[in-house]
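Report on the structure given below.
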């Protein structure tokens, strides 16, 4: 197996990307290919570890790419004109079978555009979407769309629900994943036109498409452990995602400061340390890795733009599991089956 990593994408590139790959290499069985400016990557490895790449692991490789797609670049223009960028080179390698999964923390719009134009959509899916995993009470929560499609139609949200159901069933073994529609209230009449029309479409098609649609879900109930996935448009989903991450950081920071305020609080906190560490790990979004682009023909993973070396490490480990679980192959199989049944 080959994991392709965009070494030049993200706020902390290439340092965090390279360090994350080095940390992950002994925790995965796959070969990891760093895609980017070879001289820069080799120089950084020498600087960080005092060794050549080949001395670290024979499963760490480099694929040279002379250009970089920047965060401010126009997605379609960048994909069409920066043909030797680390992102485009990665997509082409993935399409041509020179890798099994592609990871990038770069420009989200360019990643969606490249995944759609170069790798291609699964037949039957209008728009691929970012599916991110978040912590929930004694479980986890899938958020789709987490930020790739800011303007959606009801058919898109119906397909997001269908994709998330197939994904959770086949990858996480959840027999009947509970799929909710993110809204400002639980009543069928609540929400804007997109949400109300999507609700009606989901209600009408849930049985036929084997979706366990549980209705509208308010943000405060999303983490109850009773919902396996929440469906929304990419604009709302990204706001929800980043608010959740910010709240997690706030809770961890406040708790840490409270427990280390003075000597007495430090002493009293000692018996609770195992529980505190467990709670802290649960709240740490980094341990959940990146978000899989559901709806494209090969596995594409979007890492957080602000990913540090730890998050890159977790994302690489997670990407290997995506490939092993054949998440994309099973998605293609289900949509082909549905298409044949409709004929």
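Label sites at residue 26 and residue 338, each approximated as a point 7 angstrom past Cα along Cα to Cβ, lie 4.4 nm apart. Largest GNM mean-square fluctuation across 58, 325, 170, computed for the chain with C-alpha springs under 10 Å, falls on 58. From the alpha carbon centroid of the stretch 13-40 to that of the stretch 44-90 is 10 Å.
With bins 10 Å wide beginning at 0, the percent of Cα pairs of the chain falling in each bin runs 6, 25, 31, 24, 12, 3, 0, 0.
Taking every DSSP helix (H) stretch of at least 4 residues in the chain, weighting each as -39,500 (n - 2.57) and dividing the sum by the residue count yields a mean residue ellipticity at 222 nm of -14000 deg cm²/dmol.
Of 151, 216, 183, the residue with the greatest mean-square motion in the GNM of the chain, using alpha carbon springs below 10 Å, is 151.
When Rg and the Kirkwood radius Rh are both evaluated on Cα atoms of the stretch 131-286, their ratio Rg/Rh stands at 1.08. Extension gain for residue 266 to residue 80 (0.36 nm times residue separation, less C-alpha to C-alpha distance): 61.3 nm. Centroid-to-centroid, using Cα positions, the stretch 117-172 and the stretch 178-243 are 12 Å apart. Across the stretch 131-286, the mean sequence separation of Cα contacts (distance under 8 Å, 6 or more residues apart), normalised by length, yields a relative contact order of 32 percent. With contacts taken as Cα pairs under 8 Å and at least 6 residues apart, the chain reaches a relative contact order of 23 percent. In the Gaussian network model of the chain, springs joining C-alpha atoms below 10 Å, which of 122, 230, 184 carries the largest mean-square fluctuation? So, out of 122, 230, 184, the one fluctuating most is 184.
Take the Cα of residue 306, step 7 Å toward its Cβ, do the same at residue 59, and the gap between the two points is 3.1 nm. Net length available on complete extension from residue 187 to residue 48 is 44.5 nm, with 0.36 nm assigned per residue and the Cα-Cα distance removed.
Taking other C-beta atoms within 10 angstrom as a stand-in for reagent exposure, 121, 220 fall in the order 220, 121, fewest first. Only beta bridges with both residues in the stretch 122-279 are counted; by DSSP, about 35 percent of them are antiparallel. Sorting 89-99, 47-57, 157-167 by their mean Cβ neighbour count within 10 Å, with the most densely packed peptide first, gives 157-167, 89-99, 47-57.
Computed from the coordinates by the stated procedures, all read-outs in this text should not be read as laboratory data. All values derive from a computational prediction rather than experimental measurement. Note that each Cβ is placed from the backbone with ideal geometry, even for glycine, and that neighbours are counted across all protein chains shown.
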